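A short write-up of the structure that comes next.
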Amino acid sequence: MPPDASHALPARIDAVIFDLDGTLIDSEPDLRAGLNKLLAEMDRRPVVRDEVVMMVGDGVPKLVERALGATGGVPDGGLDAAVARFLGFYEGAAADLTEPFPGAGEILRDLKAAGAKLGICTNKPEAPTREILASFGFDAHVDAVVGGDTLGDVRKPDPRHLAAVLERLGVAADGAVMVGDNANDVATARGLGVPAVAVSFGYSRGPVAALEADHVIDRFDELWAVLAGLA
C-alpha cells in the first residue's frame with residue numbers, strides 16, 4: 001500500500017536518523033530487569049523505573065555505573081566485571097519486556113516507502129540493538145546501525161557517531177535529520193549542523209524544552225509536518 005499522500009518526503013531530506021532507547025522503544029523494563037539480576041547477585045536493593053529512566057542514554061558502562069552508585073557504589077571487582085555480567089543477563093533478552101512507542105513502526109515503514117534512508121544512532125551496544133530491531137521487524141526498514149560499541153569508545157554526544165551513520169548511508173549532513181529524546185541526541189546533531197527533533201515521551205531526564213531541539217513532537221505522525229517545514 002502506498003503511503004498517505006501527506007507523507008511525502010521533501011526534496012532536501014535524504015535520511016532520517018533515529019536514536020533507539022526512549023525514542024523508538026521503551027526499553028527501560030528490560031534494562032531494569034538486567035540491572036536487578038545483577039544487583040540481586042550482589043545482595044543489593046533493586047532499582048525502580050524512575051531511577052533507571054534517569055540512568056539511560058550514555059551507554060551500558062555508564063548505566064551500570066549509575067545503578068551501582070545508587071545502591072552502594074562500584075564493587076572491589078571493578079566496573080568492567082559488572083558490565084560484563086549485566087550484558088550476560090541483557091543480551092538475548094533485550095526485547096522480552098521492551099515495547100515500541102506508538103507509531104514507531106509506522107513512521108519507519110512510511111519514511112522508507114517515501115524514499116528516505118533510515119539509520120539508527122544509539123549508545124546501546126550493537127548486538128542488542130540489532131536484536132531489538134529484528135524482534136519488532138524494524139530491521140526491514142533500517143539501512144544502517146551504529147551502536148555504542150561499534151566505533152570503540154566513540155559514542156554520542158561525539159558527532160563522529162552520527163557522522164559514521166551518515167557515511168554508511170552515503171548521505172551528507174545537510175540532507176539529514178536526527179530524531180532523539182535526550183541531550184546527547186541534540187548535541188550530536190548540533191555537532192554536524194543536522195536539525196534535531198526531540199520526542200516528548202522519552203527519557204529526557206528533565207523538561208524536553210530544556211534540550212533546545214529545533215522541534216519537539218508528541219507523536220510520530222507529527223514528524224511529517226516538521227520535515228516539510230525544513231524543506
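FYI, it's all coordinate maths here, none of it is from the lab. These figures come from a predicted structure and were not determined experimentally. Ideal geometry is used to build each Cβ from the backbone, glycine not excepted, and the neighbour counts take in all protein chains shown.
The residues packed around ALA196, meaning those with a beta-carbon under 10 Å from its beta-carbon, carry a net charge of -2 if Lys and Arg are +1 and Asp and Glu are -1.
Per-residue 3J(HN,Hα) values for region 138-150, derived from phi via the Karplus relation 6.51 cos²θ - 1.76 cosθ + 1.60 with θ = phi - 60°, read 5, 5, 5, 10, 8, 9, 8, 10, 10, x, x, 10, 5 Hz in sequence order (x marks Gly and Pro).
Using only C-alpha atoms and all pairs of different ones, pull out the Kirkwood radius for region 1-117 in Å with one decimal. Don't jump to the answer; show the numbers that get you there.
Details: mean 1/r = 0.0617 Å⁻¹.
After inverting the mean inverse Cα-Cα distance, the result is 16.2 Å.
The Rg/Rh ratio for region 28-90, using Cα coordinates for both the radius of gyration and the Kirkwood hydrodynamic radius, is 0.90. Taking amide H atoms as placed 1.01 Å from N in the peptide plane, the amide H of VAL216 lies under 5 Å from those of ALA198, each 5 or more residues away in sequence or on another chain. Apply 1/(1 + (r/R0)^6) to the Cβ-Cβ distance of ALA228 and ASP76, taking R0 = 41 Å, and write down the FRET efficiency to the nearest 0.05. E between ALA228 and ASP76, to the nearest 0.05, is 0.15. Short-range pairs are left out: with C-alpha atoms under 8 Å and at least six residues apart, the relative contact order of region 28-90 is 39 percent. Helix 60-70 and the longest principal axis of the C-alpha atoms of the chain enclose an angle of approximately 50°.
Within the chain, how many Lys pairs that are eight or more residues apart, or on different chains, come under 18 Å at the alpha-carbon?
Details: LYS37/LYS62; LYS62/LYS124; LYS62/LYS156; LYS124/LYS156.
Close lysine pairs under the 18 Å cut-off: 4.
Spin-label model, ARG168/GLU91: points 7 Å from Cα along the beta carbon direction are separated by 1.6 nm. Projected label points at GLU51 and GLU106, each 7 Å from Cα along the beta carbon direction, are separated by 3.7 nanometres. Among the GluC sites (Glu not before Pro) within region 1-106, those in coil by DSSP and having at most 15 neighbouring Cβ atoms inside 10 Å are GLU91. Set the Förster distance to 25 Å, then compute FRET efficiency between ALA210 and GLU126 from the Cβ-Cβ distance, nearest 0.05. Plugging the Cβ-Cβ distance into 1/(1 + (r/R0)^6) gives 0.25. Here's how it looks for VAL145: its modeled amide H is under 5 Å from those of ILE120, which are all 5 or more places away or on a different chain. Between ALA40 and ASP158, the modelled labels are 3.5 nm apart [label points 7 Å from Cα along Cα→Cβ]. Antiparallel beta bridges, as assigned by DSSP with both residues in the chain, represent about 10 percent of the total such bridges.
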